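Visitor: Sharing a structure, written as structure tokens. Questions coming.
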Amino acid sequence: MSSVSRGHWNSRFGFILAAAGSAIGLGNIWRFPYTAGEYGGGAFVLLYLIFVFGIGLPVLLAELSVGRFTQKSPVTAFKDLKPGTKWSWLGGLGVLTGFGILSFYAVIAGVTVGYIYLSLTGKFSADVDAAAVFQGFTADGFQMIALSGLFLAMTALIVQKGVGGGIERAAKILMPTFFVFLLFLVGRALTLEGAGAGLEFMFAPDFSKLTAEGVVSALGQALFSLSLGMGAMITYGSYLSENENIPISAVSVAFFDTGIALVGGLLIFPTLFHAGVDPAAGPGLVFVVMASIFDSLPGGSIFGVVFYGLLSIAALTSTISLLEVITSYFIDEKGWARSKATWTVAFACFLLSIPSALSLGASTFFSEFYGGGFLSLMDNIWGNYSLPIGATLLCFFVAWSWGVPKALASIEAGGHRLPAGAVWGFLIRYVCPAAVLLVFGTTIWQQIFS
Ligand code: PHE
């Protein structure tokens with residue numbers, strides 16, 4: 001079934017690192033803390049964990065099995081499995097969603113790179129107002145556009161080199177660096193005065209702050225964080241060989257990703273509470289608050305460089321997977337050469353990133369677009385709506401069109417049994433779609449009737 005020229009992972013560990021690299025990203029260190037902060041800390045974290053293991057992990061297994069079985073990227077995969085049906089549109093939705101996410105994700109990623117430079121050149125000192133620095137930084141439209149472009153170009157340079165030689169190789173260097181940076185920073189955060197209050201906020205659930213919107217966000221966050229609902233894991237699964245152990249790989253990726261989100265919380269919340277700031281500060285949280293805290297620590301600029309370096313690395317291994325989904329669509333469906341596909345997509349995405357890049361202050365029109373600004377709108381549409389829709393449809397596909405027995409056989413191919421396979425089938429058939437629809441229906445209901 002696989003064509004000779006199609007790339008493959010060189011080792012299981014390499015694949016797990018690349019998939020974990022896709023999952024671990026700004027979602028863990030940037031999006032997770034401020035979303036959890038908005039919706040009451042511990043209660044949100046608890047719900048997020050339930051969603052990761054009750055919904056995310058089953059969907060992850062499903063995506064990997066579709067990819068591995070067909071050895072194709074999403075659109076072609078659905079076409080192969082159900083020729084002549086509309087299921088390939090689900091793949092199309094994934095490609096579109098990847099494009100939408102990459103366009104705003106690259107903007108935030110660009111800011112992280114800019115912040116390495118700011119920390120390095122000592123732009124933050126105890127008497128500098130970090131909020132003003134952030135505003136000044138993001139109000140410079142040219143700089144914002146240039147940094148997003150730079151980040152997309154770095155991503156394209158790696159994706160262009162292919163699966164084993166580009167993506168896997170990069171993951172093998174970047175992920176260990178990421179872990180070392182993270183441990184270093186967490187060690188510092190946990191020994192700060194007041195760290196205990198941060199831990200309490202993160203682990204003691206306050207359900208009164210958990211609104212219906214918070215529930216939807218927890219679900220959106222679980223899917224976003226595991227890179228699910230848009231075909232990234234179908235695409236990465238398509239480079240797996242026939243006897244690779246999918247159950248072990250999926251469980252490793254889910255644990256890695258959740259572990260890092262929690263460790264990210266161990267870094268952010270104690271630091272916030274040490275400085276006595278509100279964890280519900282929104283998307284600017286890690287740029288304003290963290291920067292201001294680093295200033296006041298001895299050797300702060302080193303922590304700043306390491307922290308923003310860590311964010312950049314996390315972002316890069318994720319943008320790689322986003323770009324790979326769209327690129328592989330053009331390779332599999334349109335027969336384009338990898339380098340042509342990579343650079344064309346990266347450039348188109350760069351164009352779409354411009355309104356987001358201008359929406360953090362540079363242009364009033366885009367900053368006030370639809371209330372919260374263009375970037376937030378994109379994040380909301382693609383992250384909180386499109387991913388759950390994609391994930392539900394994927395469940396329907398696997399449960400009722402392809403069929404649970406075939407999907408399960410594909411997960412277990414090579415003799416790697418999925419413990420509690422029947423439970424998986426039950427979750428994919430009923431629980432996952434019902435939960436997503438329920439959570440979704442509630443928000444839409446609320447928006448109509450409130
Ligand atoms: N999982 C990534 C993160 O947490 C984001 C992402 C979403 C990447 C969807 C690929 C696909 O930052």
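The values are calculated or read from the model by the stated rules, or taken from the named source; none is laboratory data. The structure displayed is predicted, hence computed values, not measured ones. Every residue, glycine as well, gets a Cβ built from its backbone with ideal geometry; the counts of neighbours run over all protein chains shown. Calculation scope for accessible area: heavy atoms of the full protein, side chains included, ligands and nucleic acids excluded. Shrake-Rupley method; radii C 1.70, N 1.55, O 1.52, S 1.80 Å.
Visitor: Could you run the Debye sum over the Cα atoms of the stretch 357-423, one equal point scatterer each and no solvent, and tell me log10 of I(q)/I(0) at q = 0.17, 0.23, 0.27 Å⁻¹, two decimals?
Guide: With one equal scatterer per Cα and no solvent, log10 I(q)/I(0) is -0.69, -0.94, -1.04.
Visitor: Compute for the stretch 225-352: radius of gyration divided by Kirkwood radius, i.e. Rg/Rh, restricted to C-alpha atoms, rounded to two decimals.
Guide: 1.08
Visitor: Relative contact order for the stretch 12-449: what is it in percent, counting Cα pairs under 8 Å that are at least 6 residues apart?
Guide: 35
Visitor: Taking θ = phi - 60°, what integer Hz values does the Karplus form 6.51 cos²θ - 1.76 cosθ + 1.60 yield along the stretch 228-244, in sequence order, with x for Gly and Pro?
Guide: Once θ is set to phi - 60°, the couplings for the stretch 228-244 become 10, x, 9, x, 4, 7, 5, 5, 5, x, 6, 9, 8, 7, 4, 9, 6 Hz.
Visitor: Follow-up question, since we're still on this one. Give me the 1.4 Å probe accessible area per residue for the stretch 213-349, excluding ligands and nucleic acids, in Å².
Guide: Accessible area per residue, the stretch 213-349: 26 Å².
Visitor: What value, in deg cm²/dmol to 500, does the helix sum -39500 (n - 2.57) over DSSP H runs of n ≥ 4 give at 222 nm once divided by the residues of the chain?
Guide: Calculated at 222 nm, the ellipticity per residue is -22500 deg cm²/dmol.
Visitor: Would you please give the FRET efficiency between residue 417 and residue 50, computed as 1/(1 + (r/R0)^6) with r the Cβ-Cβ distance and R0 = 30 Å, to the nearest 0.05?
Guide: 0.75
Visitor: Hey, another quick one. Which whole-number percentage describes the relative contact order of the stretch 28-156, with Cα contacts under 8 Å and a sequence gap of 6 or more?
Guide: Worked out over the stretch 28-156, it gives 17 percent.
Visitor: Moving to a separate point now. In the chain, what percent of the accessible surface is made up of carbon and sulfur (1.4 Å probe, ligands and nucleic acids excluded)?
Guide: C and S atoms contribute 68 percent here.
Visitor: So how far, in whole Å, is the C-alpha centre of the stretch 271-335 from the one of the stretch 203-269?
Guide: After rounding, the separation between the Cα centres reads 17 Å.
Visitor: Put +1 on the Cβ of every Lys and Arg and -1 on every Asp and Glu Cβ in the chain; which of 30, 87, 50 then has its Cα farthest towards the positive end of the dipole?
Guide: Farthest towards the positive end: 87.
Visitor: Cα-based count: Lys pairs in the chain below 30 Å, eight or more positions apart or different chains?
Guide: Lysine pairs meeting the criterion: 22.
Visitor: Measure nothing fancy, just the Cα-based angle from helix 246-275's long axis to the longest principal axis of the chain, in degrees from 0 to 90, nearest 10.
Guide: Between helix and principal axis, roughly 10 degrees.
Visitor: Please check which bits of the stretch 358-393 a label hung off residue 86 would reach, taking the label as a point 7 Å along Cα-to-C-beta and the cut-off as backbone N under 20 Å.
Guide: Output list for this probe position: 386-393.
Visitor: Compute from the Cα atoms of the chain the Rg and the Dmax, the latter being the longest Cα-Cα distance, and quote both in angstrom.
Guide: Using the Cα atoms of the chain, the pair Rg, Dmax is 20.9, 65 Å.
Visitor: Now, a different point. Please report, to one decimal in angstroms, the Kirkwood hydrodynamic radius of the stretch 171-223 built from all distinct Cα-Cα pairs.
Guide: 14.0
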